[in-house]
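**Student:** Got a structure for you, written out below as structure tokens; questions coming shortly.
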Amino acid sequence: MRPLYVRIMDKLYGLCIVVAAMAIVAMTCLIFVGVIMRYVFYMGASFAEPSSIFFAVQLSMYGAAACYRAQSHLRLQFFVGLLSERLHRPIEILVHFLMIALAIAMIYFGLNLAETTWFQAYPEFEYIRVGLVYSAIPGSGLVTLLFAIEAILYPNPMVNEEEEEIRRAALHADEEARKLGLVERG
């Protein structure tokens, strides 16, 4: 049974994926409408660009948090692989603590940025505040903070028990094959 915190983070991860997917779809539709309006109807769609910027920020921020949890973000795993096996976990923990520091900075400075720009509006829209767009920075910082805490408390949260059992069985079978001399030691 997965711990409650991991199950909650699974839901939060799913929400980040949904937000990112919806942002991609919305951006694609808005840009398509903008191009059609300009080149077919010879009139600009002034709403397409600022709306697309709003969705691009959401995609970037919440997509980055989801990538961090799924461990599909850019990382220098090659260099960690060069170190001895006993240093892997301490370096992993160090990286997660650095992510916590980054997430706290995102929350602090993102809140300041959102507060400072809250009453600024896009010229094309009176109802979309610039601060609302920037509120994705502290929001994704909070999500990243929660994911980093999860990564420290529960290593490899994205690996479910069934996959882990299959991996252990494969390692056991490989070891048995080596004992029987069916596979060379490497």
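The values are calculated or read from the model by the stated rules, or taken from the named source; none is laboratory data. Only a predicted model underlies this, so the values are computations on that prediction, with no experimental measurement involved. Every residue, glycine as well, gets a Cβ built from its backbone with ideal geometry; the counts of neighbours run over all protein chains shown.
**Student:** Specify which of the listed residues (44, 63) is in the same structural domain as residue 147 (by TED's automatic domain parsing) and over 19 Å from the mean Cα position of the chain (by Cα).
**Tutor:** Result of the check over 44, 63: 44.
**Student:** Something else now. Only one of 84, 60 is surrounded by 12 or more Cβ atoms within 10 Å (Cβ to Cβ) and of a type in the set (Gly, Ala, Ser); which?
**Tutor:** Just a single option satisfies the conditions, and that option is 60.
**Student:** Is it fair to say residue 96 is assigned by TED's automatic domain parsing to the domain that holds residue 61, farther than 28 Å from residue 49 by Cα and either at pLDDT 90 or above or surrounded by fewer than 16 Cβ atoms within 10 Å (Cβ to Cβ) (or both)?
**Tutor:** yes
**Student:** Name every residue in the range 1-56 that is outside any helix (DSSP H, G or I) and either loosely packed, with under 15 Cβ neighbours inside 10 Å or β-branched (Val, Ile, Thr) (or both), in order of residue number.
**Tutor:** 1, 2, 3, 40, 41, 42, 43, 44, 46
**Student:** While we're on this one: State all residues of the range 68-77 that are within 9 Å of residue 13 (Cα to Cα) and crowded, with 16+ Cβ neighbours inside 10 Å; if no residue qualifies, say none.
**Tutor:** 69
**Student:** Moving on. Looking at the structure I just gave you, is residue 25 closer than 23 Å to residue 132 by Cβ and assigned by TED's automatic domain parsing to the domain that holds residue 142?
**Tutor:** yes
**Student:** Quick one: residue 126 ticks every box in (1) at pLDDT below 95; (2) assigned to a helix (DSSP H, G or I) except a single one, so which number is it?
**Tutor:** (2)
**Student:** Touching a helix residue (DSSP H, G or I) at 6+ places or on another chain (Cβ under 8 Å) and at pLDDT below 90: does that describe residue 88?
**Tutor:** Yes, satisfied.
**Student:** If only one of 114, 169, 105 is buried (at least 16 other Cβ atoms within 10 Å of the Cβ) and either farther than 18 Å from residue 6 by Cα or modelled with pLDDT under 90 (or both), which one is it?
**Tutor:** Criteria check complete, one pass: 114.
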